[in-house]
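Trainee: Quick one: the structure is below, and I'll ask about it shortly.
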Amino acid sequence: MDGNGRWAQKRLLPRARGHQKGVKAVRDTVRHCSENGVAMLTLFAFSSENKNRSGEEVLTLSKLFLAVLKSETSKLHKNNIKLKIIGDMSLFSKEIQVAAASAIELLQNNTGMALVIAANYGGQWDITQATKKVAQLCVEGEIDYKDISSDDISKHLSLANEPSVDLLIRTSGEIRLSNFLLWDIAYSEMYFTDVLWPDFSASELDIAVKTYNQRHRRFGTRQEKAQ
Ligand code: IPE
Ligand code: MG
């Protein structure tokens, strides 16, 4: 979800206004995905590197995170949406951690779309924390290091046991991953759009999905396209 700052700058507004407008795009996207049978939607809300922004901006984003957790949870519940948060939450205040834990608990038995918020998340962080867990199992004699498989790593990633990532969308015209997921997107389709995140909408999402549906996924094989 990139481009909040530029959206605000274009309008001579403070960056915080861009982030606020971004929340509306989050709401619309969550609703549209949930209503159209998406199994899982992962939103990259705050990267491991975003904490290096100014203290003021980190505070704005943290406050917004808390406000959204408080205001949106009951709506998510009404829509049968489950919630998962991935990333190192220890960066955030106790209040945010408590609000996140209680939202996750309230929504845990819902059977509709799984909404995943990546907060203080980085793909490298994720692979590192999974590696530590596998190393621990080696130390404990559960796994011989010579037998470590990619499955052993996957099992300890934040999105272990979740559906695979079919489509990755990045807004704002940047053509890079910026440390999002990494391991999990080995065979994901990528869609880049110049639209700034606050302007992203259900119709923009439909365009992305339409593009996805025209792709021919081969997963490294040479299968002919099924007709
Ligand atoms: C994305 O918008 C939101 C977060 C990273 C939290 P940016 O804040 O990165 O917006 P730009 O890239 O400066 O336009
Ligand atoms: Mg940005």
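Trainee: Name the long-range amide H neighbours of L196: under 5 Å, sequence gap of 5 or more, or other chain; modelled H, no Pro or chain starts.
Mentor: S172
Trainee: In addition: Amide H neighbours of K84 under 5 Å, counting only residues 5+ apart in sequence or on other chains, H built in-plane at 1.01 Å?
Mentor: L115, V116, I117
Trainee: Let me ask something additional. Once phi is turned into ³J(HN,Hα) by the Karplus curve 6.51 cos²θ - 1.76 cosθ + 1.60 with θ = phi - 60°, what whole-Hz value does each residue of the stretch 104-112 show in order, with x for glycine and proline?
Mentor: Values, residue by residue: 4, 5, 4, 8, 4, 9, 5, 10, x Hz.
Trainee: Which residues' amide hydrogens lie under 5 Å from the amide hydrogen of E189, considering only partners 5 or more residues apart or on another chain, with H built in the peptide plane?
Mentor: L167, L168
Trainee: Just rank H216, H19, H32, fewest to most, by other beta-carbon atoms within 10 angstrom.
Mentor: The order, fewest Cβ neighbours first, is H216, H32, H19.
Trainee: Continuing with the same structure: Within 10 Å of each residue's Cβ, count the other Cβ atoms and sort M190, M40 from fewest upward.
Mentor: M190, M40
Trainee: From the helices alone, meaning DSSP H stretches of at least four residues, give me the mean residue ellipticity at 222 nm for the chain, per-run term -39500 (n - 2.57), in deg cm²/dmol to the nearest 500.
Mentor: It lands at -14500 deg cm²/dmol.
Trainee: Would you mind ranking R176, R217 by Cβ crowding within 10 Å, fewest neighbours first?
Mentor: Working: R176 9, R217 12.
Placing the least packed residue first, the sequence is R176, R217.
Trainee: Is the C-alpha gyration tensor of the stretch 1-118 telling us rounded, prolate or oblate? Criteria: a/c under 1.5 is rounded; beyond that, a/b larger than b/c is prolate, otherwise oblate.
Mentor: Oblate, because a/c is 1.5 or more while a/b does not exceed b/c.
Trainee: If you don't mind, there's one more thing I want to ask. How would you classify the stretch 22-63 from its alpha-carbon gyration tensor, with a ≥ b ≥ c the square roots of the eigenvalues: rounded for a/c under 1.5, else prolate if a/b is greater than b/c, otherwise oblate?
Mentor: In terms of gyration-tensor shape, prolate.
Trainee: Going down the table (K84/K146; K63/K132; K21/K133; K51/K210; K21/K84; K24/K84), which pairs top 29 Å between alpha carbons?
Mentor: On the way: K84/K146 33 Å; K63/K132 31 Å; K21/K133 39 Å; K51/K210 35 Å; K21/K84 23 Å; K24/K84 20 Å.
Result: K84/K146; K63/K132; K21/K133; K51/K210 exceed 29 Å.
Trainee: Apply the Karplus curve 6.51 cos²θ - 1.76 cosθ + 1.60, θ = phi - 60°, to the phi angles in the stretch 6-19 and return the couplings in whole Hz, x for Gly and Pro.
Mentor: Those phi angles translate into 5, 4, 6, 4, 4, 9, 6, 10, x, 3, 4, 5, x, 5 Hz.
Trainee: Another one. Using the crude model of +1 on Lys and Arg Cβ and -1 on Asp and Glu Cβ, and no other charge, please compute the dipole size for the stretch 4-213 relative to its Cα centre, in debye to 20.
Mentor: That gives a dipole near 1100 debye.
Trainee: Starting from the stretch 186-227, pick out the chymotrypsin sites (Phe, Trp or Tyr not before Pro) whose DSSP state is loop and whose Cβ has at most 12 other Cβ atoms within 10 Å. Kindly include the intermediate steps, with their values, before the conclusion.
Mentor: Numbers: sites: Y187, Y191, F192, F200, Y212, F219; in loops: Y187, F200, F219.
Loop-located and lightly packed - Y187, F219.
Trainee: Determine, for each peptide in 135-145, 6-16, 110-120, 82-92, the mean count of other beta carbons within 10 angstrom over its residues, then list the peptides with the highest first.
Mentor: Final packing ranking: 110-120, 82-92, 6-16, 135-145.
Every read-out reported here was derived from the displayed coordinates using simple, explicitly stated rules and does not represent laboratory data. Note that the structure is a prediction, hence the values are computed from the model and not measured. With ideal geometry, Cβ positions are generated from the backbone for all residues, glycine too; neighbour counts draw on all protein chains shown.
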